[in-house]
Amino acid sequence: KLTENTDLKMEIARKAFALIDSNTSIILDAGSTTHQIARVIRYHGAEVTLKVVTNSLTVGTKLAEVKGVDLILTGGNIRVESQAMVGPITLESLHKLHVDTAFIGAMGISVEKGFTSSSVLEAQVKETILSVAHRKIIVADHTKLNRFSFAPFASLDQVDMLITDSKAPADEVEKLKTAGLEVIF
């Protein structure tokens, strides 16, 4: 997944980075789009001071030595497919935090089903991330629109914004906006 639609995911990552203020705290969920956000943070590392919480081994590795980033890994069991930390240790560590902004990936986004994940364990983590973040932002490329996956983790009204790419179909974006979701594309 890290190699699929990388140019579009990087487009999303740049839009997300523009919303990050220095001296704030963020969560980067496990996923290929949040991995691209980590790449942008790494590139601009000397320009920002951030607390970054993640349940992603790949994001953690990308940010481990970045000046200006105070990196916190959640711990937990590792899902091989996504390199995500999940399970009770992950949930417990997240419950002890409050962050300014969360960037969360989704496998599916639809007006009817909201935001969905392919894994119940990852959906639990995403729900918990939403509960500890002040600003809740979903990051997902256009291929996730008007799709749903196995495990729902949020309705449209439980998030503040969706950042997607410029190839997002206008009619799908309009459906989401009409349902009350702010969309950047």
- Starting from the Cα-Cα distance between Ala46 and His134, subtract it from 0.36 nm times their residue separation and give me the gain in nm to one decimal. 29.2 nm
- Task: Determine the dipole magnitude for segment 60-125: charges of +1 sit on the beta-carbon of Lys and Arg, -1 on that of Asp and Glu, nothing else is charged, the reference point is the Cα centre, and the result goes in debye to the nearest 20.
- Result: 60 debye
- Query: Ile78 versus Leu19, label points 7 Å from Cα toward the beta carbon: distance in nm?
  - Reply: 3.0 nm
- Non-local amide H neighbours of Ala106 (under 5 Å, H modeled in plane, Pro and chain starts lacking H): which ones? Val139
- Using a 1.4 Å probe over the heavy atoms of the protein chains, calculate the carbon and sulfur portion of the accessible area of the chain as a whole percent. 52 percent
- Ignoring the sites themselves, what is the longest stretch of the chain with no GluC sites (Glu not before Pro) in a DSSP loop and at most 11 other beta-carbon atoms within 10 Å? 113-185
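What dipole magnitude, in Debye to the nearest 20, does the chain give about its Cα centre under +1 on Lys/Arg Cβ and -1 on Asp/Glu Cβ? Don't skip to the answer; put the middle values down first.
Working: 20 positive and 22 negative charges, 53 e Å.
Dipole magnitude for the chain comes out near 260 debye.
Please express the shape of segment 40-135 as an equivalent ellipsoid: the semi-axes are the square roots of 5 times the eigenvalues of the C-alpha gyration tensor, given largest first in whole angstrom.
Numbers: eigenvalues 105, 47, 38 Å².
Those come to 23, 15, 14 Å.
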- Item | Where the chain is the region considered: accessible area per residue in Å², 1.4 Å probe | 46 Å²
- What trypsin sites (Lys or Arg not before Pro) does segment 5-87 have in DSSP loop regions with at most 13 other beta carbons within 10 Å? Lys67
- Based on Cβ point charges of +1 for Lys and Arg and -1 for Asp and Glu, what charge dipole magnitude is obtained for segment 37-90 about its Cα centre, in debye rounded to the nearest 20? 60 debye
- Message: Residues of segment 95-118 with the amide nitrogen closer than 11 Å to a label point 7 Å from the Cα of Thr61, along Cα-to-Cβ, please.
- Response: none
- What are the semi-axes of the equivalent ellipsoid for segment 93-185, taken as the square roots of 5 times the Cα gyration tensor eigenvalues, largest first, in whole Å? 22, 14, 10
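The values are calculated or read from the model by the stated rules, or taken from the named source; none is laboratory data. This one's a predicted model, so the numbers in the text were calculated from it and none came from an experiment. Quick reminder, even Gly has a Cβ in these numbers, built from the backbone with ideal geometry, and neighbours come from all protein chains shown. Protein only, heavy atoms only, side chains kept; ligands, DNA and RNA dropped before computing areas. Shrake-Rupley method; radii C 1.70, N 1.55, O 1.52, S 1.80 Å.
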